[in-house]
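The values are calculated or read from the model by the stated rules, or taken from the named source; none is laboratory data. Bear in mind the structure is a predicted one, so any value in this text is a computation, not a measurement. Note that each Cβ is placed from the backbone with ideal geometry, even for glycine, and that neighbours are counted across all protein chains shown.
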Amino acid sequence: MTSDPTPDTIVRLTNTLWVKRSQAMAYNCGAVISAGRAALIDPGLGRAGVAMLADLLAAEGATLERIIITHSHWDHILGPELLPPAPILAHAAFGQSLAADQAYTLKAIARWEASQGAARGAPFVPPTPDELVEDGHELALGDLTLHLVHVPGHAADQVAIYEPASAVLWAADILSDLEIPFVSHSLAAYEAALQRLARLEIRALAPGHGVPTTDPAEIARRIAEDRAYLAELRARVQAVVDAGGTIAQAVAACATMPFKHPEQNEFQHQLNAESAFIELGGAADPARFGWAREGLADE
Ligand SMILES: [Zn+2]
């Protein structure tokens, strides 16, 4: 493999959480360290970035105890093969979610690695979790207890990680400042997940993509903004479904909606409208429209 074209950086967000930030896709992975014990969250992207995490653990004198994979999407599963063996923890739906998206996942990884000049000879083999957990699972790590919170909606198997003593939330692929909600699993589940997270005290927030923050106003704003986006998406699409309209009319009805960074989220917003139309009872072929449509990895 060649070296990564863009450098990564590590920021210490709290006493016990470090965030490694990639310029590529504004991708974040986490290192939680307490009393000489470490858990890595979604290690990746790229060989050099993963090596930085290993160096961090060495510098902190910490032993890698767990690798937590927040969900089965391609960009979150690339790290374990580059790390020393450690038990991998994921949600119980990980295998099923991965299998459902397998063709897309392998294609997306091949395309990403080719773009990085790091194409591999054989197809990527996804990691196999050693420990499958349900909502509410508690993981002891040094002096900390990490709470695994099932937050489906973007992915059926997605978990957030909440550490109550310092009120830190690792949000996985939600609550980004750059991305709108990518509703690639279920609108209803996404709404319920945000409703749950809104009840937590959160003093530090790290999203899977975007800027981590400890600003209470910014944390509250992200939660409110994403909930408002989903409510508006639902209202506009439901109105079209109730009127017996088409999926094209649902997309058109959502085209005038305000949402953040339209220059980079326009396509995902359209996919959201299409998937919501199908979820809310509109008639359309999921093989041709929405997040589950065929050929998405080629677009
Ligand atoms: Zn994802």
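Miscellaneous remarks
- If you go through the range 157-190 and keep only what is more than 21 Å from Gln270 (Cα to Cα), assigned to a loop (DSSP other than H, G, I, E, B) and of a type in the set (Ser, Thr, Tyr), you end up with just Ser166.
- Number of residues in the range 21-73 that are among the β-branched types (Val, Ile, Thr) and more than 16 Å from the ligand (Cβ to nearest atom) equals 5.
- Ser184 meets the conditions (1) crowded, with 20+ Cβ neighbours inside 10 Å; (2) in contact (Cβ under 8 Å) with a residue 40 or more places away in the chain; (3) more than 16 Å from the ligand (Cβ to nearest atom) in every case but one. The failed one is (3).
- Residues in the range 156-196 that are among the polar types (S, T, N, Q) and out of contact with any Pro (no Cβ under 7 Å at 6 or more places or on another chain): Ser166, Ser184, Gln195.
- Whether a residue is within 16 Å of the ligand (Cβ to nearest atom) and either closer than 26 Å to Ile77 by Cα or touching a strand residue (DSSP E or B) at 6+ places or on another chain (Cβ under 7 Å) (or both) was assessed, and Ala193 passes this test.
- For Ile109, the conditions (1) under 27 Å from Pro85 (Cβ atoms); (2) among the aliphatic types (A, V, I, L, M); (3) away from the ligand (no atom under 16 Å from the Cβ) all hold with the exception of (3).
- Taken over the range 204-216, residues that are in contact (Cβ under 8 Å) with a residue 60 or more places away in the chain and in a loop (DSSP other than H, G, I, E, B) amount to 6.
- Residue in the range 6-52 that is nearest to Pro212 (Cα to Cα), counting only those that are touching a helix residue (DSSP H, G or I) at 6+ places or on another chain (Cβ under 7 Å) and part of a helix (DSSP H, G or I): Met25
- Residue within the range 217-229 that is touching a strand residue (DSSP E or B) at 6+ places or on another chain (Cβ under 6 Å), outside any loop (DSSP other than H, G, I, E, B) and either within 23 Å of Leu169 (Cα to Cα) or of a type outside the set (Lys, Arg) (or both) present: yes
- Cβ pairs under 9 Å, 6+ apart, first in the range 144-156 and closer than 28 Å to Ser34 by Cβ and assigned to a strand (DSSP E or B), second within 11 Å of the ligand (Cβ to nearest atom) and of a type in the set (Asp, Glu): His150/Asp157
- Of the residues making up the range 74-84, those that are more than 16 Å from the ligand (Cβ to nearest atom) and either touching a strand residue (DSSP E or B) at 6+ places or on another chain (Cβ under 9 Å) or touching a residue at least 60 places away in the same chain (Cβ under 8 Å) (or both) number 3.
- In the range 253-282, the residues that are over 15 Å from Ser184 (Cα atoms) and in contact (Cβ under 8 Å) with a residue 24 or more places away in the chain reach residues that are of a type in the set (A, V, I, L, M) and outside any helix (DSSP H, G or I) with C-beta atoms within less than 8 angstrom, at least six apart or across chains, in these pairs: Phe259/Ile180; Lys260/Leu178; Lys260/Ile180; His261/Leu178; His261/Ile180; Gln264/Leu178.
- Hits in the range 157-176 - residues which are over 11 Å from the mean Cα position of the chain (by Cα) and either within 16 Å of the ligand (Cβ to nearest atom) or among the hydroxyl-bearing types (Ser, Thr, Tyr) (or both): Ile161, Tyr162, Ser166
- The condition (being over 24 Å from Asn272 (Cβ atoms), at pLDDT 95 or above and not in a loop (DSSP other than H, G, I, E, B)) is satisfied by just one residue among Ala193, Ala140, Ala110: Ala140.
- Odd one out for Glu225 among (1) away from the ligand (no atom under 16 Å from the Cβ); (2) closer than 28 Å to Thr9 by Cβ; (3) in contact with a Phe, Trp or Tyr (Cβ under 7 Å, 6 or more places away or on another chain): (3)
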